[in-house]
1. Compute the long axis of helix 106-116 from its Cα atoms, compare it with the longest principal axis of the Cα atoms of the chain, and write down the angle in degrees, 0 to 90, nearest 10.
2. So which lysines pass the test for Lys152, namely a Cα distance under 27 Å, with those fewer than 8 places away in the same chain ruled out?
3. What list of ³J(HN,Hα) couplings, whole Hz, do you get for segment 57-73 from phi and the Karplus terms 6.51, -1.76, 1.60, once you set θ to phi - 60° and write x for glycine and proline?
4. Once amide H atoms are placed 1.01 Å from N in the peptide plane, what residues at a sequence separation of 5 or more from Phe90, or on another chain, have their amide H within under 5 Å of its amide H?
5. At 7 Å along the Cα-to-beta-carbon direction for both His140 and Lys16, put a label point, then send me their distance in nm to one decimal.
6. Could you order peptides 22-34, 81-93 by the average number of other Cβ atoms within 10 Å of their residues, highest first?
7. Would you calculate, for the chain, the mean residue ellipticity at 222 nm contributed by helices, counting each DSSP H stretch of 4 or more residues as -39,500 (n - 2.57) and dividing by all residues, to the nearest 500?
Amino acid sequence: MTLYFEEEGEITLPLKCREIAKKVVETALDVLNCPYEAQVSLLLTMNAQIQEMNREFRGMDKPTDVLSFPMIEYTEPGEFDFLEERDDCFDPETGELALGDIVISKEKVIAQAEEYGHSLLREFAFLTVHSVLHLAGYDHMEEAGRRAMEAKQDEIMDVLKILR
């Protein structure tokens, strides 16, 4: 698994973000039974930058905690079988499945950890798990999808042993 990691902004989370993110992504993909080596890009940024992206890509002019930019459109969340017939989803140089990009606001990680009364590690890992699920086709726009996504999030966080 390749994690392309970038960080910008004046705040630095007091965590080993690259290592934690790599472990979280790998664990999430294992729980999802992804049969491929994969690659994900992660950008840690500030509220102002994520607000610009949120406005540009979602038409919402406010900062958010996490944005996900999947490279693949799934017919069923977490079902990778159809990819066997698709060359366009794989990096031609590495052969890895190109899942997409994650952007996380470091300021939101700090604020939400405080708001929900848990650690920075738990909030950062949760947002990463949440985004990986989006990259694998999960969505929470409708009730059934929300329940399925929440159950999968809980399962992955339990495997990681990162609890509330």
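Taken together, the values in this text are just the output of simple stated rules run on the coordinates, not laboratory data. These numbers come from a predicted model, not from an experiment. A quick note on method: Cβ atoms are made from the backbone with ideal geometry, for glycine too, and the neighbour counts reach across all protein chains shown.
1. 80
2. Straight-line reach from Lys152, under 27 Å: Lys16, Lys22, Lys23, Lys106, Lys108, Lys161.
3. Using θ = phi - 60°, the values come out as 9, 10, x, 10, 8, 7, x, 10, 7, 8, 10, 10, 10, x, 8, 10, 9 Hz.
4. Sorted by chain and number, the residues that satisfy this are Ala98.
5. 2.9
6. Per-residue mean Cβ counts within 10 Å order the peptides as 22-34, 81-93.
7. Helices in the chain give a 222 nm mean residue ellipticity of -14000 deg cm²/dmol.
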